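Take a look at the structure set out below.
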Amino acid sequence: MGELLAALRAVAEPSRLRLLVLCARGELTVSDLAQILGQSQPRVSRHLKLLCDAGLLDRFREGSWVFYRLSSSRLSSGSAAGALSRHLVAACDQSDETIALDLQRLAAIKRQRAELAAAYFRENAAQWHRIRSLYVGEREVESALADIVGAAAPRDLLDIGTGTGRMLEILGPRVANALGIDQSREMLASARVNLERAGLANSIVRLGDMYQLPIADASFDAVVIHQVLHYADRPAAALAEAARVLRPRGTLILVDFAPHALDFLREEHAHRRLGFADADIDEWCRAAGLEPAPPRHLPGDPLTVVIWTACRGTAGDQRHSAAAREPAAVLA
């Protein structure tokens, strides 16, 4: 009762109710919300603090930026405040003059985001298309991944190095909750636009480092690392960190290139590794306490894509490497 009363007191003010409705539509900054409400940032920040303290909103930081979102079901499924926030948003009539104007301003901000993301990828499109033309079609890879995830039937999925959020678009509909991590703010901006366009309310993205994931141990049933490991200077450590956040019987899915000799990918596109041998992936997975399955090779011209999978054992069988034992913060 105390939690519910505190939440009711926090939201019982027109500006805070408007903020709740807006944050149910996506992840927004104080600047976004101040622009929509026509109020100063300090005033909006005070409102947001009250809503977060009451458990109605989630707050998370990306560098110097702070985002707000309606309390997620993943973090507050048993919370009276989380349930209340969703009921209140559903009860608000979108035809109300104030709410309708807020949502119009929010739509304008989202259009601006989409235009900025599109401009970024127009500037970089040439290099993406050049690399993609070297290997098997993406649809074949995506279909194989969808089959693997469908068979594993995970509830919670993590995509490390999510980029534009493509894996979340493909796999998000197959899970209850999906999280993408990337260290590029530009990529995350594009991913948010893509996820909003796809209507994937169960999928979110966060800024993070693949060597030190901002996630507690044993938090996910499946972890995907899609075309990311070749950028890593410490691939074994990245796999160990991915293994750390897997639950018992969870599945790691790794997609990357077989060994090749295309040096221009290293010189022009920052690839640190020119593909990976099956034996190396096998060794790194076992060192991280995972049991590898036979890999699947998808030959292209000239690059071959490989899908490796590995399974975390039961709690009593887990073996963590030193890299995996490093403490990680709980995702905020």
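Given the options 166, 59, 43, which has the most mean-square fluctuation in a GNM of the chain, springs set between C-alpha atoms less than 10 angstrom apart?
Its mean-square fluctuation being the largest, the pick is 43.
Starting from the 7 Å offset along Cα-to-Cβ, what nm value, one decimal, do you get for the label separation of residue 314 and residue 153?
About 1.9 nm, to one decimal.
Given [x] 38, 24, 16; [y] 47, 31, 16; [z] 31, 22, 19 as candidate values of semi-axes √(5λ) of the Cα gyration tensor in Å, which corresponds to the one derived from the coordinates?
Among [x] 38, 24, 16; [y] 47, 31, 16; [z] 31, 22, 19, the one calculated here is [x].
Roughly how many whole Å is it from the C-alpha centroid of region 262-282 to that of region 94-114?
45
Taking the Cβ of each residue in 156, 217, 58 as the centre, tally the other Cβ atoms inside 10 Å and list the residues starting with the fewest.
217, 156, 58
Give me the percent relative contact order of region 2-102, please, defined on Cα pairs under 8 angstrom at least 6 residues apart.
Relative contact order for region 2-102 comes out at 31 percent.
Please figure out what share of the DSSP beta bridges in the chain is antiparallel and state it in percent, rounded to the nearest 5.
50
So what's the net charge close to residue 53: Lys and Arg +1, Asp and Glu -1, counting the other residues with Cβ under 13 Å from its Cβ?
Cβ neighbours under 13 Å give a net charge of +3.
Going by a ≥ b ≥ c, the root eigenvalues of the Cα gyration tensor, does region 134-325 fall in the rounded group (a/c under 1.5), the prolate group (a/b larger than b/c) or the oblate group?
It is rounded, given that a/c, with a ≥ b ≥ c, falls under 1.5.
Rule-based calculations on the coordinates, nothing more; no lab input. Just so we're clear, the structure is a prediction, and the values are computed from it rather than from any experiment. Reconstructed Cβ throughout: ideal geometry from the backbone, glycine too, with neighbour counts over all protein chains shown.
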